[in-house]
Amino acid sequence: MTSTANDANTCCIVTGAAGFVGSHLAERLLSLGCRVIGIDDFSSGCWENMSAFEKQPGFSFHECSVTSPGLLAEMRERHPAAACCFHLAAIVSVPYSVEHPEETMEVDCHAAVSLLREAEELGFRRFVFAGSAAEYGDDGRLPLREEYASEKTRHLSPYGRAKYLASAAVASSRIGVALRCFNIYGPRQDPGSPYSGVISRFVDMALQERSYTVFGDGMQTRDFVFVSDVVDAYLCAAGLSGAVPAPPGVYNVGTGRATSIVELAETISAVEGRRARIEHLPERAGDIRHSVSVPEALERAAGWRSRVSLADGLKETVSWARTAGSR
Ligand code: UD2
């Protein structure tokens, strides 16, 4: 992605800046010359994720919850140039959302809509929201198109429902873009957190020379998208990629390629130069069988498409995990 002269003047708020994706987004925005106001309450993020950029002069950080009333107005008072809000902070654990449905609706939906309304009133240029493939529930019409998620969708968790409702509100705002991200992976994804996906777990198992724990037959598939491609999508959504900004709406962020869990295990082993040892365990309750995106809408709207192959993304993830493990 190329930057433009305008990019350097943009002051952006990133909620969830200490998280996996939020920290990569903040780092990239700073590298483009933007000023970044990071917000996080450390409910799932950590300082370590921000260590690569926390001391940069363009970065300021506020430890607070996105449920704080008047948060954006307060940020605007402290940082009058703030013009763009990337809202990534959320309750990210699906099992937690099942146990705490009301809290999840409060944080993942109501707080997001309140921030959006504040951004509109304050004259922000863009509000970009982190949606999720969970918004499609168990829809079996594959590959998944943006219009398939609707009021009638049978969401499998309060997390999926809250994200759907918030995305719908964002997409109908004149400044709103909701990104429906599929299975994101890459450096800084913690294998031991409730957010951890199969790739961070498998990379950890590979480095410890343990067998991969495959739930069920391993023929279930996912659309794995590398974190730097996701960051590119955020920049496109905000008009910071050097191309035209994506018009308000909701967009899938995926590769359009389905990878089975067995194929994933084999690819990680090939990167590691080992043979894959797989231990089959019972299927995980509530798992969906297949998930894959139609990613073309964001390409048509703003020229975005995923660029990093699974093998290359895995190489980067493994190399990061080796260094992180040795610290
Ligand atoms: C993703 C999201 C979840 C929610 C859900 C909605 C991640 C990490 N999780 O869950 O938050 O949005 O989509 O659909 O993005 N697996 C194994 N062995 C393991 C771990 C996982 O076989 O040790 C399998 C698992 O059974 C599943 C697949 O790998 O079939 C992917 O699992 P996941 O937890 O990474 O992601 P997913 O799509 O179930």
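Every number here is computed from the coordinates shown, using simple stated rules; none is lab data. Since the model is a prediction, treat every value here as computed from it, not as a measurement. Reconstructed Cβ throughout: ideal geometry from the backbone, glycine too, with neighbour counts over all protein chains shown.
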Would you say residue 140 is small (Gly, Ala, Ser), within 23 Å of residue 256 (Cα to Cα) and in contact with a helix residue (DSSP H, G or I) (Cβ under 9 Å, 6 or more places away or on another chain)? no
May I ask you to list the residues in the range 282-298 that are surrounded by 12 or more Cβ atoms within 10 Å (Cβ to Cβ) and either touching a His at 6+ places or on another chain (Cβ under 6 Å) or farther than 30 Å from residue 171 by Cα (or both)? 283
Please specify each residue of the range 6-53 satisfying the condition of being surrounded by 18 or more Cβ atoms within 10 Å (Cβ to Cβ) and among the charged types (D, E, K, R). 7, 27, 28, 35, 40, 41
Filtering the range 191-220 down to residues that are without any contact (Cβ under 8 Å) to a residue 12 or more places away in the chain and of a type in the set (Ser, Thr, Tyr) yields 196
Answer yes or no as to whether residue 276 is within 15 Å of the ligand (Cβ to nearest atom), touching a Phe, Trp or Tyr at 6+ places or on another chain (Cβ under 8 Å) and part of a loop (DSSP other than H, G, I, E, B). yes
Is there a residue in the range 144-156 that is assigned to a helix (DSSP H, G or I) and either within 9 Å of the ligand (Cβ to nearest atom) or closer than 17 Å to residue 44 by Cβ (or both)? no
I'm told residue 129 meets every condition in (1) under 20 Å from residue 247 (Cβ atoms); (2) away from the ligand (no atom under 15 Å from the Cβ) except one. Can you identify the failing condition by its number? (2)
Cβ pairs under 9 Å, 6+ apart, first in the range 122-133 and of a type in the set (S, T, N, Q), second within 16 Å of the ligand (Cβ to nearest atom) and part of a strand (DSSP E or B): 132/180; 132/181
Inside the range 215-252, can you point out the residues that are buried (at least 22 other Cβ atoms within 10 Å of the Cβ), within 12 Å of the ligand (Cβ to nearest atom) and assigned to a strand (DSSP E or B)? 222, 224, 225
Contact list please: Cβ distance under 7 Å, first residue in the range 247-272 and in contact (Cβ under 8 Å) with a residue 24 or more places away in the chain, second residue in a helix (DSSP H, G or I) and charged (D, E, K, R), pairs at least six apart or on different chains. 250/146; 251/146; 252/146; 271/315
In the range 113-126, residue nearest to the ligand (Cβ to nearest atom) [restricted to those that are among the hydrophobic types (A, V, I, L, M, F, W, C) and surrounded by fewer than 19 Cβ atoms within 10 Å (Cβ to Cβ)]: 113
Considering only the range 157-211, how many residues are away from the ligand (no atom under 13 Å from the Cβ), surrounded by fewer than 24 Cβ atoms within 10 Å (Cβ to Cβ) and assigned to a helix (DSSP H, G or I)? 5
Grab the helices (runs of 4 or more DSSP H) fully contained in the range 63-105, keeping just those with 3 or more residues being over 21 Å from the mean Cα position of the chain (by Cα). 71-78
Got a sec? Which of 106, 118, 147 is farther than 22 Å from residue 65 by Cβ and out of contact with any Pro (no Cβ under 9 Å at 6 or more places or on another chain)? 147
I want to confirm something. Restricting to the range 279-304 and keeping residues that are among the basic types (Lys, Arg) and touching a residue at least 40 places away in the same chain (Cβ under 8 Å), which single residue is farthest from the ligand (Cβ to nearest atom)? 289
